[in-house]
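S.K.: Questions regarding the structure given below will be posed in turn.
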Amino acid sequence: MDIKAVRGTKDINPDEADSWQAIEHIARLTFGAYGFKEIRTPIIEDTNLFKRSIGETTDIVEKEMYTFQDKKMRSISLRPEATASIVRAYIENGFDKKEGFVKFYYIGPMFRAERPQKGRLRQFHQIGVEAIGSRSPFLDAEVLLLLSRLLNNLSIEGFTLKINSLGCPADRDNFKALLRKKLKNHLKSLCTECNRRFEKNVLRILDCKEESCRRIVKEMPKTADNLCRDCDGHYASLKSILNENSLGFSEDKDLVRGLDYYTGTVFEVTHPSLGSQDAIGAGGRYDNLIEQFGGKSAGAIGFALGVERLLLVSDPDKLRQKSDKPCVYFATIGSESYKAAFGLLERLRANGISAHIDYESKSLKAQMKQADRMRATHVAILGEDELKKGEILLRDMKTSAQKSIKIEDLLKTLLKHS
Ligand code: HAM
(Lines give C-alpha, C1' and ligand atoms only; values in the text may rest on other atoms or scores of the structure.)
Protein backbone atom coordinates (compact mmCIF):
# COMPACT_ATOMS: atom_id res chain seq x y z
CA MET A 1 0.00 0.00 0.00
CA ASP A 2 1.43 3.38 -0.98
CA ILE A 3 -0.55 5.45 1.50
CA LYS A 4 1.08 5.68 4.90
CA ALA A 5 0.11 7.27 8.22
CA VAL A 6 0.94 10.99 8.24
CA ARG A 7 4.48 11.73 9.48
CA GLY A 8 4.54 12.09 13.26
CA THR A 9 1.30 10.14 13.77
CA LYS A 10 0.96 6.53 14.95
CA ASP A 11 -1.56 3.73 15.05
CA ILE A 12 -2.18 2.35 18.51
CA ASN A 13 -2.55 -1.37 17.92
CA PRO A 14 -4.69 -3.56 20.21
CA ASP A 15 -1.59 -4.90 21.92
CA GLU A 16 -0.48 -1.41 22.97
CA ALA A 17 -4.07 -0.29 23.57
CA ASP A 18 -4.07 -2.49 26.70
CA SER A 19 -1.42 -0.24 28.25
CA TRP A 20 -3.21 2.91 27.07
CA GLN A 21 -6.42 1.72 28.68
CA ALA A 22 -4.59 0.83 31.89
CA ILE A 23 -3.07 4.35 32.06
CA GLU A 24 -6.41 5.98 31.37
CA HIS A 25 -8.19 3.76 33.90
CA ILE A 26 -5.66 4.48 36.65
CA ALA A 27 -5.75 8.21 35.81
CA ARG A 28 -9.56 8.34 36.05
CA LEU A 29 -9.53 6.56 39.42
CA THR A 30 -6.82 8.84 40.77
CA PHE A 31 -8.53 12.01 39.52
CA GLY A 32 -11.80 10.82 41.05
CA ALA A 33 -10.15 10.51 44.45
CA TYR A 34 -9.12 14.18 44.25
CA GLY A 35 -12.55 15.33 43.08
CA PHE A 36 -11.72 16.06 39.42
CA LYS A 37 -14.48 15.54 36.83
CA GLU A 38 -14.00 14.89 33.14
CA ILE A 39 -14.50 17.62 30.55
CA ARG A 40 -14.35 17.01 26.78
CA THR A 41 -13.76 19.99 24.56
CA PRO A 42 -13.58 20.08 20.73
CA ILE A 43 -10.38 19.26 18.88
CA ILE A 44 -10.77 22.32 16.64
CA GLU A 45 -10.93 25.86 17.99
CA ASP A 46 -10.78 29.44 16.74
CA THR A 47 -7.06 30.11 16.09
CA ASN A 48 -7.27 33.33 18.12
CA LEU A 49 -7.89 31.30 21.28
CA PHE A 50 -4.37 29.88 21.12
CA LYS A 51 -2.74 33.08 19.84
CA ARG A 52 -4.12 35.08 22.75
CA SER A 53 -3.39 32.52 25.49
CA ILE A 54 -0.26 30.57 24.54
CA GLY A 55 1.19 33.74 22.98
CA GLU A 56 1.91 34.99 19.44
CA THR A 57 5.68 34.71 19.80
CA THR A 58 5.85 31.20 21.24
CA ASP A 59 7.17 28.26 19.20
CA ILE A 60 3.78 26.55 19.42
CA VAL A 61 1.87 29.45 17.85
CA GLU A 62 4.60 30.64 15.50
CA LYS A 63 5.65 27.32 14.04
CA GLU A 64 3.73 24.33 15.28
CA MET A 65 0.00 24.81 14.90
CA TYR A 66 -2.09 22.99 12.31
CA THR A 67 -4.13 25.92 11.07
CA PHE A 68 -6.54 26.07 8.14
CA GLN A 69 -9.34 28.24 6.84
CA ASP A 70 -12.82 26.79 6.77
CA LYS A 71 -15.31 27.43 3.97
CA LYS A 72 -16.30 30.77 5.50
CA MET A 73 -12.61 31.77 5.65
CA ARG A 74 -12.47 31.53 9.46
CA SER A 75 -9.08 30.56 10.84
CA ILE A 76 -9.36 27.25 12.70
CA SER A 77 -6.59 25.30 14.50
CA LEU A 78 -6.24 21.77 15.79
CA ARG A 79 -5.66 22.18 19.53
CA PRO A 80 -1.95 22.08 20.43
CA GLU A 81 -2.89 21.76 24.13
CA ALA A 82 -6.07 21.85 26.21
CA THR A 83 -5.70 24.57 28.87
CA ALA A 84 -6.86 27.36 26.56
CA SER A 85 -9.88 25.33 25.42
CA ILE A 86 -10.85 24.59 29.00
CA VAL A 87 -10.64 28.24 30.00
CA ARG A 88 -12.85 29.06 26.99
CA ALA A 89 -15.33 26.34 28.01
CA TYR A 90 -15.28 27.48 31.66
CA ILE A 91 -16.30 31.00 30.65
CA GLU A 92 -18.57 30.10 27.72
CA ASN A 93 -20.56 27.63 29.82
CA GLY A 94 -20.89 30.09 32.69
CA PHE A 95 -18.91 28.12 35.31
CA ASP A 96 -17.37 31.39 36.52
CA LYS A 97 -20.85 32.64 37.43
CA LYS A 98 -22.46 29.34 38.50
CA GLU A 99 -19.86 27.46 40.48
CA GLY A 100 -16.73 29.56 40.59
CA PHE A 101 -14.45 26.77 41.70
CA VAL A 102 -14.18 23.67 39.48
CA LYS A 103 -11.84 20.73 39.06
CA PHE A 104 -11.68 19.31 35.52
CA TYR A 105 -9.63 16.55 33.91
CA TYR A 106 -9.21 15.61 30.26
CA ILE A 107 -7.70 12.86 28.16
CA GLY A 108 -7.20 13.24 24.43
CA PRO A 109 -5.12 13.98 21.33
CA MET A 110 -3.19 17.24 20.78
CA PHE A 111 -1.42 18.38 17.60
CA ARG A 112 1.88 20.14 17.10
CA ALA A 113 3.89 20.20 13.87
CA GLU A 114 7.24 19.55 15.55
CA ARG A 115 10.13 17.55 14.12
CA PRO A 116 9.21 13.96 15.06
CA GLN A 117 11.66 11.98 17.18
CA LYS A 118 11.52 9.54 20.09
CA GLY A 119 8.84 10.81 22.47
CA ARG A 120 7.87 13.65 20.14
CA LEU A 121 4.94 13.26 17.77
CA ARG A 122 2.72 15.51 15.72
CA GLN A 123 -0.41 13.87 17.06
CA PHE A 124 0.26 13.03 20.69
CA HIS A 125 -1.97 12.52 23.70
CA GLN A 126 -2.25 14.30 26.99
CA ILE A 127 -3.85 13.47 30.31
CA GLY A 128 -4.31 16.61 32.31
CA VAL A 129 -6.16 18.53 35.00
CA GLU A 130 -7.21 22.14 35.47
CA ALA A 131 -8.46 23.49 38.83
CA ILE A 132 -10.04 26.90 38.30
CA GLY A 133 -11.29 29.36 40.91
CA SER A 134 -8.71 29.61 43.68
CA ARG A 135 -5.35 31.23 44.31
CA SER A 136 -4.62 29.22 47.47
CA PRO A 137 -1.11 27.70 47.69
CA PHE A 138 -2.86 24.62 49.15
CA LEU A 139 -4.38 24.13 45.69
CA ASP A 140 -0.92 24.28 44.09
CA ALA A 141 0.22 21.69 46.63
CA GLU A 142 -2.80 19.47 46.00
CA VAL A 143 -2.25 19.52 42.24
CA LEU A 144 1.41 18.55 42.74
CA LEU A 145 0.48 15.81 45.21
CA LEU A 146 -2.03 14.51 42.67
CA LEU A 147 0.59 14.54 39.93
CA SER A 148 2.99 12.58 42.05
CA ARG A 149 0.28 10.17 43.29
CA LEU A 150 -0.74 9.48 39.69
CA LEU A 151 2.84 8.66 38.70
CA ASN A 152 3.13 6.38 41.74
CA ASN A 153 -0.16 4.68 40.87
CA LEU A 154 1.21 4.13 37.36
CA SER A 155 4.27 2.45 38.98
CA ILE A 156 6.58 5.04 37.41
CA GLU A 157 9.78 5.49 39.39
CA GLY A 158 12.85 7.69 39.20
CA PHE A 159 11.14 10.91 38.10
CA THR A 160 12.07 14.39 39.31
CA LEU A 161 9.60 17.14 40.12
CA LYS A 162 11.10 20.56 39.43
CA ILE A 163 9.39 23.72 40.57
CA ASN A 164 9.91 27.45 40.14
CA SER A 165 7.94 30.68 40.36
CA LEU A 166 7.66 33.22 37.55
CA GLY A 167 5.72 35.77 39.59
CA CYS A 168 2.79 37.93 38.58
CA PRO A 169 2.70 39.79 35.23
CA ALA A 170 4.30 42.87 36.84
CA ASP A 171 7.13 40.70 38.26
CA ARG A 172 7.59 39.12 34.88
CA ASP A 173 7.77 42.46 33.07
CA ASN A 174 10.31 43.78 35.57
CA PHE A 175 12.31 40.59 35.33
CA LYS A 176 12.31 40.62 31.53
CA ALA A 177 13.67 44.18 31.54
CA LEU A 178 16.36 43.18 34.05
CA LEU A 179 17.31 40.11 32.02
CA ARG A 180 17.56 42.11 28.79
CA LYS A 181 19.82 44.60 30.50
CA LYS A 182 22.10 41.84 31.78
CA LEU A 183 22.14 39.84 28.56
CA LYS A 184 22.80 42.79 26.29
CA ASN A 185 26.58 42.42 26.49
CA HIS A 186 26.47 38.67 25.86
CA LEU A 187 24.53 38.59 22.60
CA LYS A 188 27.55 37.52 20.57
CA SER A 189 28.00 34.40 22.72
CA LEU A 190 24.34 33.38 22.59
CA CYS A 191 23.08 31.01 19.86
CA THR A 192 21.15 32.40 16.86
CA GLU A 193 17.85 31.19 18.28
CA CYS A 194 18.53 33.00 21.59
CA ASN A 195 19.40 36.17 19.70
CA ARG A 196 15.93 35.96 18.20
CA ARG A 197 14.47 35.17 21.63
CA PHE A 198 16.20 38.24 23.06
CA GLU A 199 13.83 40.41 21.02
CA LYS A 200 10.70 38.25 21.12
CA ASN A 201 10.62 36.05 24.20
CA VAL A 202 13.61 36.76 26.40
CA LEU A 203 12.57 34.37 29.22
CA ARG A 204 13.03 31.37 26.95
CA ILE A 205 16.77 32.05 26.83
CA LEU A 206 16.84 30.71 30.40
CA ASP A 207 15.95 27.19 29.30
CA CYS A 208 18.05 27.01 26.11
CA LYS A 209 19.90 23.69 25.94
CA GLU A 210 22.98 25.03 24.04
CA GLU A 211 26.13 24.77 26.14
CA SER A 212 27.32 28.31 25.28
CA CYS A 213 23.96 29.76 26.36
CA ARG A 214 23.84 27.63 29.51
CA ARG A 215 27.17 29.11 30.65
CA ILE A 216 25.81 32.65 30.35
CA VAL A 217 22.43 31.81 31.85
CA LYS A 218 24.15 30.46 34.97
CA GLU A 219 25.29 33.99 35.78
CA MET A 220 21.93 35.60 35.12
CA PRO A 221 19.37 36.72 37.74
CA LYS A 222 16.58 34.26 38.57
CA THR A 223 12.82 34.80 38.45
CA ALA A 224 12.23 33.36 41.93
CA ASP A 225 14.75 35.80 43.44
CA ASN A 226 12.89 38.76 41.98
CA LEU A 227 9.31 38.31 43.17
CA CYS A 228 7.00 40.88 44.76
CA ARG A 229 5.95 40.28 48.39
CA ASP A 230 2.72 38.46 47.53
CA CYS A 231 4.30 36.14 44.97
CA ASP A 232 7.28 35.45 47.23
CA GLY A 233 4.89 34.60 50.10
CA HIS A 234 2.85 32.28 47.89
CA TYR A 235 5.94 30.46 46.69
CA ALA A 236 7.32 30.10 50.23
CA SER A 237 3.96 28.76 51.48
CA LEU A 238 3.81 26.22 48.66
CA LYS A 239 7.28 24.91 49.45
CA SER A 240 6.49 24.57 53.14
CA ILE A 241 3.16 22.78 52.45
CA LEU A 242 4.99 20.36 50.16
CA ASN A 243 7.60 19.71 52.83
CA GLU A 244 4.94 19.21 55.50
CA ASN A 245 3.28 16.66 53.24
CA SER A 246 6.57 14.92 52.41
CA LEU A 247 6.45 15.56 48.68
CA GLY A 248 9.98 15.59 47.29
CA PHE A 249 10.80 18.34 44.77
CA SER A 250 13.78 20.23 43.51
CA GLU A 251 13.87 23.93 42.80
CA ASP A 252 14.96 24.75 39.27
CA LYS A 253 15.53 28.48 39.13
CA ASP A 254 15.88 28.45 35.34
CA LEU A 255 12.61 26.66 34.71
CA VAL A 256 10.47 28.77 32.40
CA ARG A 257 7.69 27.39 30.27
CA GLY A 258 7.13 27.59 26.53
CA LEU A 259 3.63 29.01 26.93
CA ASP A 260 3.01 32.66 27.83
CA TYR A 261 -0.04 32.27 30.07
CA TYR A 262 1.85 31.14 33.18
CA THR A 263 2.01 33.25 36.33
CA GLY A 264 3.54 32.25 39.68
CA THR A 265 4.13 28.54 40.22
CA VAL A 266 5.47 26.50 37.30
CA PHE A 267 6.68 22.92 37.34
CA GLU A 268 7.92 20.07 35.22
CA VAL A 269 8.37 16.34 35.78
CA THR A 270 11.36 14.83 34.04
CA HIS A 271 12.64 11.29 33.67
CA PRO A 272 16.32 10.51 33.05
CA SER A 273 15.60 7.63 30.66
CA LEU A 274 13.98 9.92 28.08
CA GLY A 275 17.02 11.72 26.66
CA SER A 276 16.46 15.12 25.10
CA GLN A 277 12.65 15.03 25.33
CA ASP A 278 12.78 14.33 29.04
CA ALA A 279 9.59 16.02 30.27
CA ILE A 280 6.81 13.55 31.02
CA GLY A 281 4.58 16.35 32.17
CA ALA A 282 4.41 19.98 33.11
CA GLY A 283 2.12 22.72 34.27
CA GLY A 284 1.62 25.73 36.45
CA ARG A 285 -0.62 28.61 37.46
CA TYR A 286 -2.36 30.87 34.97
CA ASP A 287 -4.09 33.33 37.29
CA ASN A 288 -4.75 35.96 34.63
CA LEU A 289 -6.10 33.92 31.76
CA ILE A 290 -9.75 33.73 32.82
CA GLU A 291 -10.03 37.48 33.25
CA GLN A 292 -8.08 38.05 30.06
CA PHE A 293 -10.79 36.14 28.17
CA GLY A 294 -13.59 38.15 29.78
CA GLY A 295 -14.42 35.84 32.70
CA LYS A 296 -14.62 36.74 36.39
CA SER A 297 -11.12 37.04 37.81
CA ALA A 298 -10.07 33.60 39.10
CA GLY A 299 -6.85 31.86 39.99
CA ALA A 300 -6.14 28.58 38.18
CA ILE A 301 -3.58 25.81 38.02
CA GLY A 302 -3.15 22.60 36.07
CA PHE A 303 -0.81 20.16 34.42
CA ALA A 304 -0.64 17.81 31.46
CA LEU A 305 1.24 14.54 31.09
CA GLY A 306 2.23 13.18 27.67
CA VAL A 307 0.81 9.66 27.34
CA GLU A 308 3.40 8.50 24.78
CA ARG A 309 6.16 9.59 27.18
CA LEU A 310 4.44 7.91 30.14
CA LEU A 311 4.45 4.70 28.11
CA LEU A 312 8.18 5.06 27.43
CA VAL A 313 8.94 5.16 31.16
CA SER A 314 6.43 2.61 32.41
CA ASP A 315 6.47 -1.16 32.61
CA PRO A 316 3.56 -2.65 30.60
CA ASP A 317 3.33 -5.71 32.88
CA LYS A 318 3.10 -3.61 36.04
CA LEU A 319 0.51 -1.37 34.39
CA ARG A 320 -1.62 -4.29 33.35
CA GLN A 321 -1.41 -5.89 36.78
CA LYS A 322 -2.77 -2.68 38.27
CA SER A 323 -5.92 -2.86 36.20
CA ASP A 324 -6.07 -6.63 35.75
CA LYS A 325 -9.52 -8.10 35.50
CA PRO A 326 -9.99 -11.86 35.12
CA CYS A 327 -9.65 -12.98 31.53
CA VAL A 328 -10.46 -16.64 31.01
CA TYR A 329 -9.47 -18.83 28.13
CA PHE A 330 -11.36 -22.10 27.70
CA ALA A 331 -9.13 -24.92 26.53
CA THR A 332 -11.25 -27.90 25.49
CA ILE A 333 -10.71 -31.49 24.41
CA GLY A 334 -13.46 -33.06 22.30
CA SER A 335 -16.58 -31.66 20.67
CA GLU A 336 -18.95 -32.16 23.66
CA SER A 337 -16.62 -30.18 25.95
CA TYR A 338 -16.29 -27.51 23.29
CA LYS A 339 -20.05 -27.08 23.10
CA ALA A 340 -20.37 -26.95 26.89
CA ALA A 341 -17.54 -24.40 27.18
CA PHE A 342 -19.11 -22.31 24.43
CA GLY A 343 -22.25 -22.06 26.58
CA LEU A 344 -20.18 -21.09 29.63
CA LEU A 345 -18.54 -18.19 27.75
CA GLU A 346 -21.85 -16.41 27.57
CA ARG A 347 -22.57 -16.88 31.28
CA LEU A 348 -19.24 -15.35 32.23
CA ARG A 349 -19.49 -12.51 29.71
CA ALA A 350 -22.97 -11.64 30.97
CA ASN A 351 -21.27 -11.02 34.33
CA GLY A 352 -18.59 -8.78 32.87
CA ILE A 353 -15.81 -11.37 32.74
CA SER A 354 -13.70 -11.46 29.61
CA ALA A 355 -13.93 -15.04 28.25
CA HIS A 356 -12.41 -16.63 25.13
CA ILE A 357 -12.25 -19.83 23.13
CA ASP A 358 -10.59 -21.15 19.97
CA TYR A 359 -12.59 -21.59 16.75
CA GLU A 360 -10.16 -23.70 14.74
CA SER A 361 -10.08 -27.05 16.63
CA LYS A 362 -6.53 -26.39 17.81
CA SER A 363 -4.55 -28.92 19.84
CA LEU A 364 -4.49 -28.45 23.63
CA LYS A 365 -0.90 -27.22 23.37
CA ALA A 366 -1.83 -24.64 20.72
CA GLN A 367 -4.80 -23.51 22.84
CA MET A 368 -2.52 -23.00 25.86
CA LYS A 369 -0.16 -20.96 23.70
CA GLN A 370 -3.04 -18.83 22.51
CA ALA A 371 -4.12 -18.24 26.14
CA ASP A 372 -0.59 -17.06 26.90
CA ARG A 373 -0.57 -14.70 23.93
CA MET A 374 -3.87 -13.22 25.06
CA ARG A 375 -2.41 -12.79 28.54
CA ALA A 376 -5.34 -14.72 30.01
CA THR A 377 -5.33 -14.58 33.81
CA HIS A 378 -6.95 -18.04 33.95
CA VAL A 379 -7.30 -21.05 31.71
CA ALA A 380 -10.36 -23.26 32.23
CA ILE A 381 -9.56 -26.73 30.92
CA LEU A 382 -12.50 -28.92 30.05
CA GLY A 383 -12.05 -32.51 28.80
CA GLU A 384 -14.68 -35.23 28.34
CA ASP A 385 -13.89 -36.78 31.76
CA GLU A 386 -14.24 -33.49 33.63
CA LEU A 387 -17.46 -32.80 31.79
CA LYS A 388 -18.94 -36.12 32.90
CA LYS A 389 -18.07 -35.27 36.52
CA GLY A 390 -19.47 -31.74 36.15
CA GLU A 391 -16.03 -30.29 36.93
CA ILE A 392 -13.54 -27.99 35.25
CA LEU A 393 -9.80 -27.55 35.83
CA LEU A 394 -9.03 -23.90 36.59
CA ARG A 395 -5.44 -22.79 36.16
CA ASP A 396 -4.22 -19.48 37.57
CA MET A 397 -1.71 -18.26 34.98
CA LYS A 398 0.15 -16.01 37.43
CA THR A 399 0.84 -18.65 40.06
CA SER A 400 0.48 -21.75 37.80
CA ALA A 401 -1.67 -23.29 40.56
CA GLN A 402 -4.58 -25.35 39.28
CA LYS A 403 -7.55 -26.95 40.92
CA SER A 404 -10.68 -28.83 39.93
CA ILE A 405 -13.85 -26.98 40.75
CA LYS A 406 -17.53 -27.62 40.11
CA ILE A 407 -18.60 -26.09 36.81
CA GLU A 408 -21.40 -24.27 38.59
CA ASP A 409 -18.84 -22.60 40.90
CA LEU A 410 -16.75 -21.20 38.03
CA LEU A 411 -18.44 -17.82 37.90
CA LYS A 412 -18.32 -17.38 41.68
CA THR A 413 -14.61 -18.30 41.80
CA LEU A 414 -13.70 -15.88 39.02
CA LEU A 415 -15.73 -13.04 40.47
CA LYS A 416 -13.62 -13.32 43.62
CA HIS A 417 -10.63 -12.34 41.46
CA SER A 418 -12.25 -9.27 39.92
P1 HAM B 1 3.38 21.31 27.62
O2 HAM B 1 4.64 21.37 28.43
O3 HAM B 1 3.40 22.00 26.31
O4 HAM B 1 2.24 21.90 28.55
O5 HAM B 1 2.98 19.81 27.41
C6 HAM B 1 2.80 18.91 28.50
C7 HAM B 1 3.38 17.54 28.17
O8 HAM B 1 2.84 17.06 26.92
C9 HAM B 1 4.89 17.53 27.93
O10 HAM B 1 5.58 17.49 29.16
C11 HAM B 1 5.06 16.26 27.13
O12 HAM B 1 5.05 15.12 27.98
C13 HAM B 1 3.80 16.23 26.29
N14 HAM B 1 4.09 16.72 24.92
C15 HAM B 1 4.15 18.00 24.50
N16 HAM B 1 4.44 18.05 23.18
C17 HAM B 1 4.57 16.77 22.75
C18 HAM B 1 4.86 16.15 21.50
N19 HAM B 1 5.06 16.85 20.39
N20 HAM B 1 4.93 14.79 21.45
C21 HAM B 1 4.72 14.04 22.57
N22 HAM B 1 4.42 14.57 23.77
C23 HAM B 1 4.36 15.92 23.88
C24 HAM B 1 0.94 22.01 28.17
O25 HAM B 1 0.47 21.51 27.18
C26 HAM B 1 0.09 22.75 29.18
N27 HAM B 1 -1.28 22.82 28.64
C28 HAM B 1 0.11 22.05 30.52
C29 HAM B 1 -0.76 22.75 31.53
C30 HAM B 1 -1.99 22.39 31.93
N31 HAM B 1 -0.46 23.86 32.15
C32 HAM B 1 -1.46 24.21 32.93
N33 HAM B 1 -2.41 23.32 32.78
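The values are calculated or read from the model by the stated rules, or taken from the named source; none is laboratory data. Just so it is clear, the model here is predicted, and its values are computed rather than measured. Every residue, glycine among them, receives a Cβ derived from its backbone with ideal geometry; neighbour counts consider all protein chains shown. The area values use the complete protein model at the heavy-atom level, side chains included, leaving out ligands, DNA and RNA. Shrake-Rupley method; radii C 1.70, N 1.55, O 1.52, S 1.80 Å.
S.K.: May I ask you to compute the full-extension gain from Thr57 to Ser250, defined as 0.36 nm times their residue separation minus their alpha-carbon distance, rounded to one decimal in nm?
M.R.: 66.6 nm
S.K.: In nm, to one decimal, how far is the Thr160 label point from the Asp230 one, both placed 7 Å along Cα→Cβ?
M.R.: Rounded to a tenth, the inter-label distance reads 3.3 nm.
S.K.: Send over the per residue convex hull volume for the range 141-282, Cα only, as a whole number of Å³.
M.R.: Each residue corresponds to 111 Å³ of Cα convex hull volume.
S.K.: Which one of Gly248, Gly284, Gly119 has the biggest mean-square fluctuation once the chain is modelled by GNM with Cα springs under 10 Å?
M.R.: Among Gly248, Gly284, Gly119, the largest GNM mean-square fluctuation belongs to Gly248.
S.K.: I would also like to ask the following. Where the accessible area of the range 275-418 is counted over protein heavy atoms with a 1.4 Å probe, how much of it, in %, is carbon and sulfur? List each step's numbers first, then the result.
M.R.: Details: 3620 of 7260 Å².
C and S fraction of accessible area: 50 percent.
S.K.: Send over a whole-number figure in Å² for the accessible area per residue of the chain, probe 1.4 Å.
M.R.: 50 Å²
S.K.: For Lys296, give me every one of the lysines with a C-alpha distance below 27 angstrom, ignoring sequence neighbours fewer than eight places off in its own chain.
M.R.: Lys37, Lys51, Lys97, Lys98, Lys103
S.K.: Give me the Kirkwood hydrodynamic radius of the chain, using the inverse of the mean 1/r over all pairs of distinct Cα atoms, in Å to one decimal. Before the final figure, lay out each step's value.
M.R.: Values: mean 1/r = 0.0407 Å⁻¹.
That comes to 24.5 Å for the chain.
S.K.: On to the next question. Looking at the square roots a ≥ b ≥ c of the eigenvalues of the Cα gyration tensor of the range 1-148, which shape do they give, rounded for a/c under 1.5, prolate if a/b is larger than b/c, or oblate? Each step should come with its number before you reach the end.
M.R.: Working: a/c = 1.99, a/b = 1.21, b/c = 1.65.
Oblate.
S.K.: Compute the distance from the alpha-carbon center of the range 245-272 to that of the range 150-220, in whole Å.
M.R.: So the separation of the two Cα centres works out to 12 Å.
S.K.: Identify the residues of the range 314-342 with backbone N under 15 Å of a label point that sits 7 angstrom from the Cα of Tyr359 along the Cα-to-Cβ direction, or state none.
M.R.: 342
S.K.: Where the centre of each part is set by its Cα atoms, how far does the range 71-98 sit from the range 395-418, in angstrom?
M.R.: That distance is 50 Å.
S.K.: Could you work out the relative contact order of the chain, using alpha carbon pairs under 8 angstrom and six or more residues apart, expressed as a whole percent? Before the final figure, lay out the partial values.
M.R.: Working: 676 pairs, mean separation 67.3, N = 418.
Relative contact order for the chain comes out at 16 percent.
S.K.: Can you list, bin by bin at 5 Å, the percent of alpha carbon pairs in the range 288-416, starting at 0?
M.R.: Bin by bin from 0 Å, the calculated values are 2, 9, 17, 18, 14, 8, 6, 5, 4, 4, 4, 4, 3, 2, 1, 0.
S.K.: With runs of 4+ DSSP H residues as the only contributors, calculate the mean residue ellipticity of the chain at 222 nm using -39,500 (n - 2.57) per run, divided by the residue total and rounded to the nearest 500.
M.R.: After summing the helix terms and dividing by residue count, I get -11500 deg cm²/dmol.
S.K.: For the range 396-402, take each phi angle, set θ = phi - 60°, evaluate the Karplus expression 6.51 cos²θ - 1.76 cosθ + 1.60, and give the result in whole Hz per residue in order, putting x for glycine and proline.
M.R.: Karplus-based 3J(HN,Hα) across the range 396-402 equals 7, 6, 6, 9, 6, 6, 9 Hz.
S.K.: Turning to a different aspect of this structure: Please list, in chain and number order, the residues 5+ apart from Glu391 or on another chain whose amide H is under 5 Å from its amide H, with Hs placed from the backbone.
M.R.: Ile407
S.K.: Please work out the ratio of the alpha-carbon Rg of the range 155-239 to 2.2 N^0.38 Å and round it to two decimals.
M.R.: Computed over Cα atoms of the range 155-239, the ratio equals 1.23.
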